[in-house]
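Single-structure report; data block below.
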Amino acid sequence: STAAGGACSSQVLALAAGIQSNIDDQNNELTTVNALGMVLGQNPLDMTLYGATQTSLMGFVTKGILIRENNQKLAPADNAAIAGLAIVAGAQAEELNLTMSLAVPASGAIDTVAAGKTVETLKKDFAGGIDQNKKNLAA
């Protein structure tokens, strides 16, 4: 991402900082989804803790989307990270839907088996997102 023998432009440096911010947020997502998995493993299920952890996860997912949207605005037109940012955008849409599906329903009853499967999917998704953003950073 440097010109022939030149330094990175301020735009590219801002993009790199933004992608690093997204990786930091994704690490928070991974930590929080791991915590949610542990909460789901409790018997009886602590609904207050579950709700709070799901809400925290939703906050990180939403923040990650905002960071990525900003990164897309920062990326110079010819930047190699553009395609990777589009991949992240698609993954984040799925992560948002999955995270919303983990919200406590009106009935107050959590299907712990289904939620557990969703948590496992999110763990893989967040880890994949971190890998993709590391590639974006290297681009």
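The values are calculated or read from the model by the stated rules, or taken from the named source; none is laboratory data. A quick note: this is a predicted structure, and the numbers were derived from the prediction, not measured. No Cβ is skipped: glycine too gets one built from the backbone with ideal geometry, and neighbour counts run over all protein chains shown. When the accessible area is computed, the model is the full protein with side chains, heavy atoms only, and any ligands, DNA or RNA have been set aside. Shrake-Rupley method; radii C 1.70, N 1.55, O 1.52, S 1.80 Å.
Points to keep in mind about this one:
- For region 2-10, the criterion of being in contact (Cβ under 8 Å) with a residue 12 or more places away in the chain and not in a helix (DSSP H, G or I) is met by at least one residue.
- Those residues of region 111-125 which are under 20 Å from the mean Cα position of the chain (by Cα) and either open to solvent by 90 Å² or more (accessible area, probe 1.4 Å) or free of Cβ contacts under 8 Å to residues at least 60 places away in the same chain (or both), in sequence order: 117, 118, 121, 124, 125
- Each residue in region 70-83 was checked for being open to solvent by less than 60 Å² (accessible area, probe 1.4 Å) and of a type in the set (A, V, I, L, M, F, W, C), and 3 of them qualify.
- In region 118-132 there is at least one residue that is among the basic types (Lys, Arg) and more than 18 Å from residue 18 (Cβ to Cβ).
- Taking residues in region 54-77 that are over 23 Å from residue 118 (Cα atoms), and partners anywhere that are among the polar types (S, T, N, Q) and open to solvent by 30 Å² or more (accessible area, probe 1.4 Å), the pairs with Cβ atoms closer than 6 Å and at least 6 places apart or on different chains are 67/21; 76/11.
Every residue, every condition in (1) part of a helix (DSSP H, G or I); (2) in contact with a Gly (Cβ under 9 Å, 6 or more places away or on another chain), yes or no:
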residue	(1), (2)
18	yes, no
39	yes, no
43	no, no
54	yes, no
59	yes, no
67	yes, yes
83	yes, no
97	yes, no
107	no, no
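- Restricting region 84-110 to residues that are touching a residue at least 40 places away in the same chain (Cβ under 8 Å), small (Gly, Ala, Ser) and farther than 18 Å from residue 26 by Cβ, the residue that is surrounded by the fewest Cβ atoms within 10 Å (Cβ to Cβ): 108
- Meets criteria (surrounded by fewer than 16 Cβ atoms within 10 Å (Cβ to Cβ), more than 21 Å from residue 52 (Cβ to Cβ), charged (D, E, K, R) and modelled with pLDDT under 95) for residue 131: no
- Against the list (1) at pLDDT below 95; (2) open to solvent by less than 20 Å² (accessible area, probe 1.4 Å); (3) of a type in the set (S, T, N, Q), the condition residue 43 fails is (2).
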